[in-house]
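Some notes on the structure that comes next.
The values are calculated or read from the model by the stated rules, or taken from the named source; none is laboratory data. Since this is a predicted model, take the numbers as computed values, not measurements. Here the Cβ positions follow ideal geometry from the backbone for every residue, glycine too, while neighbour counts run over all protein chains shown. Ligands, DNA and RNA are stripped out before the accessible areas are found, and what is left, the full protein with its side chains, is counted by its heavy atoms. Shrake-Rupley method; radii C 1.70, N 1.55, O 1.52, S 1.80 Å.
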Amino acid sequence: MIAARNGRAGGARLAALGAYVPERVVTNADLERQVDTTDEWIVTRTGIRERRYASADQATSDLAVLAAGDVLRNSRMDPADVDVVIVPTCTPDHLFPSVAAMTAHRVGAVNAAAFDLQAACSGFIYGLAQATALVESGIARNVLVVGAEVFSKIVDMEDRSTCILFGDAAAGALVTAGEPECPGGFLGFELGADGSQAMDLCIPVGGTRRPASQPFAREEAFVQMNGREVYKFATRVMEESVVRLLDRLEVGIGDVDLLVAHQANLRIIDHAVKRLGIDGSRVFNNLERYGNTSAASIPLALTEARDAGVLNPGALVLLVGFGAGLTWASCLVRYEPE
Ligand code: ACO
């Protein structure tokens, strides 16, 4: 577990946000025609009504490039001034090269180092922690973190227990070195992992444990999930991680202006909101329209909260997520855009 207290004046700050979602909308009614499910079951158990799917010729880097372009436009930053591009993703175009290197090239971040980060749905907050560390250590001044996922191509469209959950999107943020008088920035992180539950959420085949060159059953090439175990894990760690973070920073939940949680399941979020005692009016959700977009979900929700006028300059924002690994992450940031 990593916990840090930063947020000193002139530290790393969240300078800009941006997002891209594919055009194709897939509703619960569309899925009713594909698997044995109902709109009522999906809405009641998850809160999801529709999600976006990438087109046949769109891979994860294609979404990442469009989201990165949006972040750069919003920050008015010359791509050549970006020092590092980090792409949190668990659905890369290929096992290697990284999505980040291709994204950096295509957005003109010609001076940037680039790497992918694999912490599944916790990946965006892990990426922000990396970016903060790079900036506060003086290694970089401008770091682009873009969560990008195309889950529609790795879920089994014959498996009703998983295919209804996920959608495709990319979204991210620019983390920059703040001016000495800048009060905003990242106040702290709480990150963790429990590999004892690794196989509760995995793709069994295609890596070096079970190479695709050896025989396998069709479904083993897709996401396999022990939904109940992941649900139990998520409800426990979201609360625990936030409590540890806020205690360490000596911040009360009443001081938080906005909570943005990983958009996996409304029941999981509602459980955390209730346990933490944060007012529902200070929670922003958009999973109803996008489903679980994994590493893209938190920055996509942040971007939409900004556009909806819910995320305003000066706001104290709490982010929390969980995902495959199994992993979790939380973060407290004072939003001070450029
Ligand atoms: N439509 C209709 N029935 C369904 C569907 C469906 N789409 N899916 C499952 N069912 C059935 C099951 O077969 C089961 O039937 P049975 O009782 O006859 O066996 C019944 O519904 C109940 O199944 P449960 O798994 O107990 O349903 P639950 O209420 O737990 O909801 C869910 C399942 C939504 C998957 C929940 O467990 C969950 O959200 N878990 C967390 C998953 C998650 O967030 N994963 C993402 C992690 S992020 C990342 O890193 C990628």
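Inside region 73-99, can you point out the residues that are among the small types (Gly, Ala, Ser) and either in contact (Cβ under 8 Å) with a residue 40 or more places away in the chain or within 16 Å of the ligand (Cβ to nearest atom) (or both)?
Hit for region 73-99 is SER75, nothing else.
Every residue in region 125-159 that is away from the ligand (no atom under 15 Å from the Cβ) and outside any helix (DSSP H, G or I), please.
SER137, GLY138, ILE139, ALA140, ARG141, ASN142, VAL143, LEU144, VAL145, VAL146
Cβ-Cβ under 6 Å, sequence separation 6+ or interchain: first residue in region 216-240 and away from the ligand (no atom under 11 Å from the Cβ), partner open to solvent by 30 Å² or more (accessible area, probe 1.4 Å) and of a type in the set (Asp, Glu). Which pairs?
Here the result reads none, with nothing in region 216-240 linked to a residue that is open to solvent by 30 Å² or more (accessible area, probe 1.4 Å) and of a type in the set (Asp, Glu).
Starting from region 286-313, keep only residues that are of a type in the set (D, E, K, R), then list their pairs with residues that are surrounded by fewer than 24 Cβ atoms within 10 Å (Cβ to Cβ) and not in a loop (DSSP other than H, G, I, E, B) whose Cβ atoms are within a distance under 6 Å, requiring at least 6 positions of separation or different chains.
ARG289/GLU50
Of all the residues that make up region 278-289, how many are part of a loop (DSSP other than H, G, I, E, B) and either within 16 Å of the ligand (Cβ to nearest atom) or modelled with pLDDT of 95 or more (or both)?
Residues meeting the conditions: 4.
Only one of these conditions is not met by LYS274: (1) outside any loop (DSSP other than H, G, I, E, B); (2) more than 19 Å from ALA173 (Cβ to Cβ); (3) touching a residue at least 24 places away in the same chain (Cβ under 8 Å); (4) of a type outside the set (S, T, N, Q). Which number is it?
Against the list (1) outside any loop (DSSP other than H, G, I, E, B); (2) more than 19 Å from ALA173 (Cβ to Cβ); (3) touching a residue at least 24 places away in the same chain (Cβ under 8 Å); (4) of a type outside the set (S, T, N, Q), LYS274 comes up short only on (3).
Give the residue that is most open to solvent (accessible area, probe 1.4 Å), with candidates limited to residues of region 23-40 that are within 16 Å of the ligand (Cβ to nearest atom) and part of a loop (DSSP other than H, G, I, E, B).
Of everything passing the filter in region 23-40, ARG33 is most open to solvent (accessible area, probe 1.4 Å).
Report, by residue number, each residue of region 41-52 that is more than 9 Å from the ligand (Cβ to nearest atom) and in a helix (DSSP H, G or I).
VAL43
Return the residues of region 247-264 that are among the small types (Gly, Ala, Ser), over 15 Å from VAL333 (Cβ atoms) and within 16 Å of the ligand (Cβ to nearest atom); say none if nothing qualifies.
If the condition is that a residue be among the small types (Gly, Ala, Ser), over 15 Å from VAL333 (Cβ atoms) and within 16 Å of the ligand (Cβ to nearest atom), then ALA264 is the only one that fits.
Scan ARG244, ARG267 and give me the residue that is in contact (Cβ under 8 Å) with a residue 40 or more places away in the chain, surrounded by fewer than 21 Cβ atoms within 10 Å (Cβ to Cβ) and either assigned to a loop (DSSP other than H, G, I, E, B) or away from the ligand (no atom under 16 Å from the Cβ) (or both).
Of the residues listed, the single one that is in contact (Cβ under 8 Å) with a residue 40 or more places away in the chain, surrounded by fewer than 21 Cβ atoms within 10 Å (Cβ to Cβ) and either assigned to a loop (DSSP other than H, G, I, E, B) or away from the ligand (no atom under 16 Å from the Cβ) (or both) is ARG244.
Say we look at region 106-124 and pick out the residues that are within 16 Å of the ligand (Cβ to nearest atom) and in contact with a helix residue (DSSP H, G or I) (Cβ under 7 Å, 6 or more places away or on another chain); which of these is most open to solvent (accessible area, probe 1.4 Å)?
Top of the filtered list is ASP116.
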